[in-house]
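To start, the structure under review is shown below, and the notes come after it.
The values are calculated or read from the model by the stated rules, or taken from the named source; none is laboratory data. Nothing here was measured: the structure is a model prediction, and the numbers come from that model. Every residue, glycine among them, receives a Cβ derived from its backbone with ideal geometry; neighbour counts consider all protein chains shown.
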Amino acid sequence: MAWPLVALISIALIAAVFLAVHHAEVVAHRVGEPFGTLVLAMAVTVIEVALIVSMMLSGKEANSALARDTVFATVMIICNGVIGICLVVGALRHFVIAFRAEGASSALAVLIALTGLTLVLPSLTLTTPGPRFSTPQLVFAGIVSVALYGLFLFVQTVRHRDYFLPVGADEEQHAPPPSTRKALLSMGILLVALVAVVALAKLLSPSIEAGVAAASAPASVVGVAISLLVLLPETFAAVRAASRNRMQTSLNLALGSALATIGLTIPVVAATAIYAGLPLTLGLPAKEAALLALTFLISIITLATGRATVLHGGVHLMLFGVYLFLAVVP
């Protein structure tokens, strides 16, 4: 692909990201928290799952680890990159940022359980060789993923909704909510913008693959780059919320996206693999499993007290840098 075309696609991608973030905020202002953050997270995840399934069906054996690599990349990007940037931006502007530990810790607990079940246990089970689940194990993992994610949504939106409400406030909270018609229009534009983000990211993927090959980097770097592009709308929205001293909104977006990715991706790809008879590799290698464990350990410490400083953000960004470096230089 010619460089002028790559530049044009990149500009269109950035424009689609900002469009998605703006209209997601309009919808969020109408429906209120924490429902507003769910809109963007669920929309991006549904589109991403559709992209993964289409690539699985077209690639057969070559894409057997695609779902694993995508989920792992999403978790690492969100828990270290997105949360790290939000903590640094919020702390630089507000010194000490506050959020609800009970809500953040609840989301993190579900994320740890789901990630351990779907990305770590497949390498330890004995029924099938290699990092794969047997068919009964795959069905069980899919059911548990849906059940846990559904339970989290119930707690977040009904039972303990107050755990996920923002601690900070800004002037936009006091503005009148948009009309139902305007919110529905924004919802439609949001979905179109998100489809455009994923489609443009897919268009850029051949150029990314060519760049990775030219740099003699591992093929997994392509998945990391595409995940970074797909997560751009949520990243921008989360950082903007953190700059306004609404770190709980940032955490709702970030952790909610990671949970939706696992809670929706694993059941769908498991059903697809069983129905189409496709191989599905889920278990992580030892190095990636160690990085995942370190990420969760640091995240537990960061979210334990409900208050964080720029140091916490710096630690997460350092680990994100380690992840990116080892992805390129394994």
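Structure above, values below:
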quantity	calculated
Residue, surrounded by the fewest Cβ atoms within 10 Å (Cβ to Cβ), within region 96-116, restricted to residues that are more than 18 Å from residue 78 (Cβ to Cβ) and hydrophobic (A, V, I, L, M, F, W, C)	96
Qualifying residue in region 34-50 (condition: assigned to a helix (DSSP H, G or I), among the hydroxyl-bearing types (Ser, Thr, Tyr) and modelled with pLDDT of 70 or more)	yes
Residue 130 vs. criteria farther than 20 Å from residue 24 by Cβ, modelled with pLDDT under 85, out of contact with any His (no Cβ under 6 Å at 6 or more places or on another chain) and of a type outside the set (Phe, Trp, Tyr)	yes
Hits in region 231-267 (condition: closer than 28 Å to residue 207 by Cβ, surrounded by fewer than 23 Cβ atoms within 10 Å (Cβ to Cβ) and of a type in the set (A, V, I, L, M))	232, 239
Of all residues in region 117-139 being under 27 Å from residue 252 (Cα atoms) and of a type in the set (A, V, I, L, M, F, W, C), the one that is surrounded by the most Cβ atoms within 10 Å (Cβ to Cβ)	119
Every residue from region 284-330 that is aromatic (Phe, Trp, Tyr) and either over 25 Å from residue 113 (Cβ atoms) or touching a Phe, Trp or Tyr at 6+ places or on another chain (Cβ under 7 Å) (or both)	325
Every residue from region 273-299 that is among the hydroxyl-bearing types (Ser, Thr, Tyr) and either closer than 18 Å to residue 137 by Cβ or in contact with a Ser or Thr (Cβ under 6 Å, 6 or more places away or on another chain) (or both)	275, 281
Residue 88 surrounded by fewer than 24 Cβ atoms within 10 Å (Cβ to Cβ), modelled with pLDDT of 90 or more and more than 16 Å from the chain's Cα centre (by Cα)	yes
Helices (runs of 4 or more DSSP H) contained entirely in region 62-163, each with at least 3 residues that are more than 30 Å from residue 321 (Cα to Cα)	135-154
